[in-house]
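These notes concern the structure reproduced below.
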């Protein structure tokens, strides 16, 4: 069960969700890894270090995160300021290596689908090359309908397979907007809601993993 985990925006909780899925898969005895192809800024690099720790330091940091750019900006902009060229071959090599060692690789993207990696090359293009189903992490709060529908439609327009949506409770309360979003987001997007990640505590994602397995098994016909 390999996936690409993207978000409707930066800061929606992709790393939090990826780490939770990684913990659960490994708890179940699955040989699972997390992969962060591109990290921008010290926070992004620390996210990759977290994955390394969750994997008991089995794989070096530079494989888990082959491209590190110092500034917390979109990759193409950060690379330009550092006078660097983002080498996609490094990403594909590291991903291929991980897929030979692990049964499940969870790939965390940078920002959303249209974050630029290189000139005329976006995160969505990387997903398409990796041939992975997509999980979209969205905020639970007000505004998520627009952001989520835009992301779903862009993914579908580019021929990406959307496995489902995870709503992350970034604020920690359930007002009318949050309660309605739980129902309305899957209705309007036509994409199943895999689950809701609670605020400020380690989530139980067993049901999300079960749904993902079912969705991916049905989509492949196996």
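The values are calculated or read from the model by the stated rules, or taken from the named source; none is laboratory data. Being a predicted model, the structure only gives us computed values, none of them experimental. Every residue, glycine among them, receives a Cβ derived from its backbone with ideal geometry; neighbour counts consider all protein chains shown.
Do we have any residue at all in segment 49-56 that's buried (at least 18 other Cβ atoms within 10 Å of the Cβ) and closer than 11 Å to residue 110 by Cα? No, segment 49-56 contains no residue that is buried (at least 18 other Cβ atoms within 10 Å of the Cβ) and closer than 11 Å to residue 110 by Cα.
Condition check ((1) in contact with a strand residue (DSSP E or B) (Cβ under 9 Å, 6 or more places away or on another chain); (2) closer than 16 Å to residue 194 by Cα) across all residues:
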site: 114; (1), (2): yes, no
site: 118; (1), (2): no, no
site: 122; (1), (2): yes, no
site: 128; (1), (2): no, no
site: 134; (1), (2): yes, yes
site: 137; (1), (2): yes, yes
site: 148; (1), (2): yes, yes
site: 152; (1), (2): yes, yes
site: 157; (1), (2): no, no
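For segment 176-222, the candidate set comprises residues that are at pLDDT below 90, exposed (fewer than 12 other Cβ atoms within 10 Å of the Cβ) and assigned to a loop (DSSP other than H, G, I, E, B); within that set, the residue that is nearest to the chain's Cα centre (by Cα) is 202.
The strands (runs of 3 or more DSSP E) falling completely within segment 92-165 that include 2 or more residues that are within 15 Å of the chain's Cα centre (by Cα) and over 18 Å from residue 213 (Cα atoms) map to 134-139.
Just so you know, in segment 59-74 the residues that are within 19 Å of residue 99 (Cα to Cα) and without any contact (Cβ under 8 Å) to a residue 40 or more places away in the chain include one that is surrounded by the fewest Cβ atoms within 10 Å (Cβ to Cβ), and it is 60.
Of all helices (runs of 4 or more DSSP H) completely enclosed by segment 6-90, which ones contain at least 3 residues that are modelled with pLDDT of 95 or more and in contact with a strand residue (DSSP E or B) (Cβ under 8 Å, 6 or more places away or on another chain)? The qualifying helices (runs of 4 or more DSSP H) are 14-27, 42-54, 75-81.
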